[in-house]
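> Let me begin by handing over the structure; questions about it come next.
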Amino acid sequence: MFDQKVIEMILVGIKDTLYMTLVSTFFGYVLGLPMGIILNVTRKEGLRPNRIIYGIGDFICNIVRSVPFLILLILLIPFTKFVVGKSYGSTATIVPLVICAAPYIARVVESSLNEVDAGVIEAAKAMGASNLQIIFKVLLVEARVSLLTGATITTGILLGYSAMSGTVGGGGLGDIAVRYGYYRWQADIMIVTVVLLIIIFQLIQNFGTALARFIDHRKH
Amino acid sequence: MSEIEIKNLTKTFKAKDLNVTALNNINLTIEKGDIFGIIGMSGAGKSTLVRTINFLERPTDGQVFIEGVDLATLSEKELRKKRSKIGMIFQSFNLLEQKSVTDNVCFPLELAGVKKKEARQKAKELLKTVNLEEKAKVYPSQLSGGQKQRVAIARALATEPDILLCDEATSALDPQTTESILQLLKEINEKLGITIVIITHQMSVVTSICNKVAIIDNGDLVEEGAVEEIFESPKSDAAKELILDTKIRYSPLDVLEAERKVRIVFSENSAYEPVIANLILNFNAPVNILKADTRNVGGKAKGEMILGLPEGEDLQEQMISWLKERNLAVTEVKEDV
């Protein structure tokens, strides 16, 4: 049963899963982090309140997040084809994963930044800080623990979503679990992949938690 | 040229359909080297007033001049530069929790683009000034309230400001710590010549270090002048309330019953004559000492007493003028004060 071929397939699955999860988290943040910052800055109590910009960002975030991931995956097929040239395989899966993650990340980032003490921001203003300096030297620095915790949660969610994309030929451990466990009734392979997913999830979560504790200077 | 000049300043906030006036036509001049107290009950508008001095709050009407420059005429960039020359400390300290003490003190220099090595050198000196050298490497969460405020003061001084604004800077501290922070502020004022503006609701803060005081009540500036003068003969109700209020715990006012009450203030030179004893001997009538206290006003010992006068209006008037002849500050105290 677990011959060379299957083991190799599982190893490739692990690699694909990590690739999809990490790359989509990265690009999710490339889009979501600035979006989150914009939401925080343009909200009513923000550095530069702007109802229109906040309203648009808020609307986009809510719309995208209310579409179930599986539907988004299918809806985005033409777009995915346009971006990466094909609609299946792990690289193609990254496109809907990023689109799905970005608004979620924007919300997580926004709420992390909202938590930064208004008094500290006022103090920075009183020192003559510009808004850009406040964003990069106060907001992102003071909120870093919360941001990292959010990133850990996001990575965990994307790990789960990357497994879901297996159903439409996304590759990775989820794909293996569906193909062998669901279509071929090979429960043992499915269990192995599920256990591997659990282990990967734990590693991500523990690493994130440890790192957050390490960089937090509030309660050493 | 005055260090700070506030002209016809009005600030209104919009709350739904309602306009709330936080400050109403305030005029105030603060000279270089002053330790200027702005005192009022909470909600009186004093915090808003101090925030107009560095334009964290833009006035709805009126002008703020810093060393003759109208802040409203500055561009955003110029205003930021000006702000870096106005230090500010807060009730809740507002330190960056993820930065060490040294990095907190360096922060305004970092914002101003000062080289790191230079900034660290400056931070070291400042931490020496506020007596916290040994805490250079720790993080704010490991400090007590008083220590946090010292770091905040060092941080506020990093850019060598001309003005230091203190917004209820000692309100979160216990009396001993408050005293040490106030002494530090006084030292800074004397050594560096920095003009200090102190916002507080505690009269004791004003009497212990300020030379001038303005009293804000309900958005209006009701009284202004030398601390000694206002302490001796407060004119406005708000001033009387603030001066008397701090002492209520020694003698609740409802116990102070008498037909007519006067408050007299002794200064150092008038303390030689046994005034009350002579008063009683002279008029052959008893007076009731309802409360008595001494405190330190601007380095001078001031005695304060509230007397219940005996019945008979003629006698009362005579007693009051007799007291006034002895160069004492005498004010009538009403039942409702």
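> Please work out the Cα center distance from segment A:6-24 to segment B:208-234, rounded to the nearest Å.
Each part reduced to its Cα centre gives a spacing of 74 Å.
> Further question on the same structure: Determine ³J(HN,Hα), in whole Hz, for all residues of segment A:91-107 in sequence, where each value follows from phi through the Karplus function 6.51 cos²θ - 1.76 cosθ + 1.60 and θ = phi - 60°; x replaces Gly and Pro.
Going residue by residue, I get 5, 5, 5, 4, 4, x, 4, 5, 4, 6, 7, 3, x, 5, 4, 4, 5 Hz, with x marking Gly and Pro.
> Something else: Once you average over the residues of B:83-95, how many Cβ atoms of partner chains fall within 10 Å of each Cβ?
4
> Order of B:Ile194, B:Ile35 from fewest to most other C-beta atoms within 10 Å?
So the ranking, lowest neighbour count to highest, is B:Ile194, B:Ile35.
> Okay, moving on. So, how do all the Cα-to-Cα distances of the protein assembly as shown break down into 20 Å bins, in percent, from 0 on up?
18, 36, 26, 14, 5, 1
> Can you show me the helix-derived [θ] at 222 nm for chain B, built from DSSP H runs with n ≥ 4 at -39,500 (n - 2.57) apiece and divided by the number of residues, rounded to the nearest 500.
Calculated at 222 nm, the ellipticity per residue is -10500 deg cm²/dmol.
> Packing-wise, with mean Cβ within 10 Å as the measure, how do B:162-171, A:11-20 rank, highest first?
B:162-171, A:11-20
> Another question about this same structure. Report, largest value first, the span of the C-alpha coordinates of segment B:31-96 along each principal axis, in whole Å.
Dimensions of segment B:31-96 along the principal axes of its Cα atoms: 33, 32, 27 Å.
> Quick check: the distance between the Cα centres of segment B:1-79 and segment B:269-327, to the nearest angstrom?
Taking the Cα centre of segment B:269-327 as reference, the centre of segment B:1-79 is 41 Å away.
> How big is segment B:4-234 by the Kirkwood estimate over distinct Cα pairs, in Å?
Computed over segment B:4-234, the radius equals 18.2 Å.
> Too long at a 30 Å Cα-Cα cut-off: which of B:Lys85/B:Lys300; B:Lys81/B:Lys124; B:Lys11/B:Lys191; B:Lys46/B:Lys115?
Violating the 30 Å Cα-Cα cut-off are B:Lys85/B:Lys300; B:Lys11/B:Lys191; B:Lys46/B:Lys115.
> While we're here: Would you mind checking the tilt of helix B:116-129 against the longest principal axis of the Cα atoms of chain B, expressed as 0 to 90 degrees and rounded to 10?
Its long axis makes an angle of about 20 degrees.
> Can you spot the lysines whose alpha carbon is less than 20 Å from B:Lys261's alpha carbon? Ignore those fewer than 8 places along the same chain.
Within the straight-line limit of under 20 Å, B:Lys261 reaches these lysines: B:Lys235, B:Lys240, B:Lys247, B:Lys291, B:Lys302, B:Lys324, B:Lys334.
> For chain A, evaluate the Debye formula with one uniform point scatterer on each Cα (no solvent term) and list log10 I(q)/I(0) at q = 0.07, 0.12, 0.18 Å⁻¹, rounded to two decimals.
Relative scattering, expressed as log10 I(q)/I(0), comes to -0.27, -0.72, -1.22.
> Further, regarding this structure: How far is helix B:101-111 tilted off the main Cα axis of chain B, in degrees rounded to 10, range 0 to 90?
It works out to around 70 degrees.
> Lysine pairs in segment A:4-215 with alpha-carbon atoms under 21 Å apart, 8 or more places apart or on different chains: how many are there?
Within segment A:4-215, the lysine pair count is 4.
Just so you know, all these numbers are worked out from the coordinates, no wet-lab data involved. Keep in mind the model is a prediction, meaning the values are calculated, not measured. We place every Cβ from the backbone using ideal geometry, glycine too, and count neighbours over all the protein chains shown.
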